[in-house]
Structures are given as structure tokens and as C-alpha cells.
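Only one structure is covered here, and it is reproduced in the block below.
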Amino acid sequence: MSKEENTYYKDRPSFGRKGPSKLRQQFNRGMTYFLVIVACILVYFAMLRVTAISDTVLKILSILKPVLYGCGIAYLLNPIVRTVDAYLVPVLEKHMKKKEKAKTVSRCAGVILALVVLITIVTTLINMLIPELITSIRNLIFTLPAQINQLVKQMNHIQLDDSAMTTMLKNAMNEASTSLQDWMRTDLLNKVNEVMTHLTVGLYTLVMELFHAVIGVIVSVYILFGKETFINQSKKATYAIFPTERANLLIHIAVKTNEIFGGFIIGKIIDSIIIGILCFIGTSLLNMPYAMLVSVIVGATNVIPFFGPYIGAIPSAVLIALADPMKGVYFLIFILLLQQFDGNILGPKILGNSTGLSAFWVIVSILLGGGLFGILGMLFGVPAFAVIYYIVKLLLDNQLEKKKLPTESECYNGDSYVDNDGTYFQKKDNMTENEEQKTEENKKEKEE
């Protein structure tokens, strides 16, 4: 694809084309009615069998899970491959006679480098996280009972008066102690069996997911090598199925979607890695326990916009407070300062305005995505909503342009209006109409 074509698909495509004949319009209208009736019938029968259809879809997705993992891994590694191609292909073309061979060698180098980066990151995280996690769990097992006993002793040494509140507190503590002892004698064994059952199932699920991820890495290699072929085939099918104007619009939306998702996800990952490193440096300097584990939690949850820092900070603060309550408070203050730095300085520098959404729509997209799809919905809700927002804006701007009206939202403030013949007016400060602020296109339309 040439540079001009790339520019064309990144710019907003034009809408509409020369209208068909009356006979063709009547035929299209009849076909539209027919297709609407057929669609209604299909939807009715689909609703009757929604359970079977959903089970089939979930089964297909489960079978194709390695392919989905491969697509995700390839999408994350593609910037590395693209960067290598951008720098290495021109150098190799100067020393090789065949350009195709130069591209092949560059692609091999890019894929190998991307896999090395992926394996290095995964191995480093495992080597840092697993020993720290084992140490943290062991410390909790040995220190938590002693801390609870110390708390009980301190409460017993507190001098309480004989007020009604004191009596209620003593009765509540006695009932809680009795209930805990009864639960340990009766339900504890059953709970342990349930936990072991869930642990076994979870371990099997974890092994299967790791197996799918390994196959996904292999699939991602094939995707990275043949990504141009897949893009060309998709573009060919789009032009074959849809009219030219609709095809150009769909390709433009696909390019914009890739731009929004790529800029947001890659930028957010880089931002979260930096925040995790800064958190580790800060917690180490403050001599806080579980520094590595807490930093990984904070960095991982920071991928989720807005709510992510709080999701990671609260359990981390509780974990630190179990070892030292005051350090738990210091950790919360440190995380608050770190997130202010991320939200006001680091995040805007890395992400910029990749989504084009205001803070209000970001919160709405996170709540809606999280409510519908959980953690993945919170992560991908923002870029998905940004794509929908862009499509709606594209359609609204097109309708306004057809009416010869301005497309900027600032033009529709309280001092502006559109009269009945479709002419846009902007009022002055003295509330008089400013005829000179009509657009030139409106004047030409009135003259014609």
C-alpha cells in the first residue's frame, strides 16, 4: 500500500454517491422490506434457542482459545516487529539484490527479537514474583496468629467501664468467640475440603491456560509473518462484499480502531511498567515489607484506568499493615502521591489523547465494561467506547455537513441557533444577530 493510500484511509472518507434510478430505488426498497422480515423471523427462532446457540458459541471460543491468545500476543508484539522492519529493511535492501529477501530477513529478526523480549519479561516476572509470593505467604502463616493473639491481649488489658455500650461490646465478643469455636469444630473441615477441591480445579485450569498460551505464542509467530497477507485478504473481501463508499468507510473505521486500541493498550502497559518500577523503588527506600509483591500488584492493576490504582493499593496496604500498621498508612500516602504523578504527568506524556474521551465518559465506559465483562471489560471498555464515540461523531458530523452546518460542538453554545430555513446564526454579546457570521457555503446555497 502506498503512502497516499495510507493517508486516504486515515483521513475521514466521503459519504454518499450518485443516486440510483427510480426502478432501482423501488427494487432496493422491496429487498429491504424482505430482508427485514427475514431478519425478524431469524431473530425470533434464535431467541427460542438462545441457550443452545450460546453454548455452541462458547464451545467454539473455547476450542479457538489458542488462536485468540495468538492474536492478542501478536498484536502486543507487532510494534516491536514493525520498528525492526522500519530500521532494518532499508539497510538490508542496500546490501541485497532482492527486496523480498531483505523483507524476509528483517521479519525473521523482528519476530525473534519480539519473542526474546516476551520470554525475558515473563521469566523475569516469574523469578521475582514466585519467591516473593512464597515468602509472603510463609510470613503470614507464621506471624498472623501471633498478631491476632497480641491484639486480643491488648483488648483484654483495656480498662472498660460498666456502661451499656461496654456490656454490649463484651457480649458481642463472647458471641463471636463462641461462634468461631463452633465453626472450627463443625464447618471448618468441610470448608477445607471445598477449598482443596477448588484448588485442584483451579490448578487444572491454570495448566490448561498455560498450555493454550504456549500454543498461542506459536500461532502469533505465524500471524506476525503473514500479517500483510491477512490484511490484504480482509481488504479484498471488504471491497467484494460492500459498495465502494461503504468499504472505504469500514476500512477507515478499522484503521481508526487499530490506532485507538494500539495507542491505549501499548501506552498503558508502558505506563504500568514504569509505575511498578517506581513503586518498588519507593517501597524499598521506605523499607516496607513485601516490596516486590506489592509493586507487581500495583503495576498490574494500574493497567485498568481510573479504578486500577485503588484496586491494587487497598489489598497491598492491608498486606503491609498486617506486618506494620503505620507502614500501611505510609504506603497509602505514597501510592496517593504516585498516582497523582501518574495521572497528571506520566500518563498524559505517554498516552496523550489516544482515546479522545473526557473523564466522564472514561468513568462510564469503565463501569459499563466492568459490569458486563468483569476485569477485561474494565481494561478494554475505554478504547471500545472510544471507537463507538468516534463512529457516532463521524455520522453526526456527516449529517451536519449535509445541512451545511458547523460540526464543532463549541458552535452550538447558548448564543447560537439555526433558523427554520437551516441557516446558522451566532449572536453577539449584545444579543443581536450577526449576519456576517454566516458561513460562505450557506450564502451560496441561498443564492442558488
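Sequentially through the stretch 81-95, phi angles give Karplus couplings (6.51, -1.76, 1.60; θ = phi - 60°) of 5, 5, 5, 4, 4, 5, 8, 8, 4, x, 5, 5, 5, 6, 10 Hz, Gly and Pro residues having no value and appearing as x. If you take all other residues with their beta carbon under 14 Å from the beta carbon of Leu92, and give Lys and Arg +1 and Asp and Glu -1, the sum is +4.
A simple rule links phi to the HN-Hα coupling: the Karplus curve 6.51 cos²θ - 1.76 cosθ + 1.60 with θ = phi - 60°, which for the stretch 303-319 gives 4, 6, x, 6, 8, x, x, 6, 4, x, 6, 5, x, 5, 5, 5, 4 Hz, with x for Gly and Pro.
Of the peptides 271-279, 319-327, how do they stack up when ordered by the mean number of other Cβ atoms within 10 Å, highest first?
Packing proxy ranking, top to bottom: 271-279, 319-327.
Over 28 Å apart at the Cα level, from the set Lys94/Lys227; Lys99/Lys235; Lys65/Lys256; Lys65/Lys103; Lys327/Lys349; Lys103/Lys268, are Lys65/Lys103; Lys327/Lys349; Lys103/Lys268.
Quick note: the coordinates plus some simple rules give every number you see, no bench work behind them. Keep in mind that this is a model prediction, so the values were computed, not measured. With ideal geometry, Cβ positions are generated from the backbone for all residues, glycine too; neighbour counts draw on all protein chains shown.
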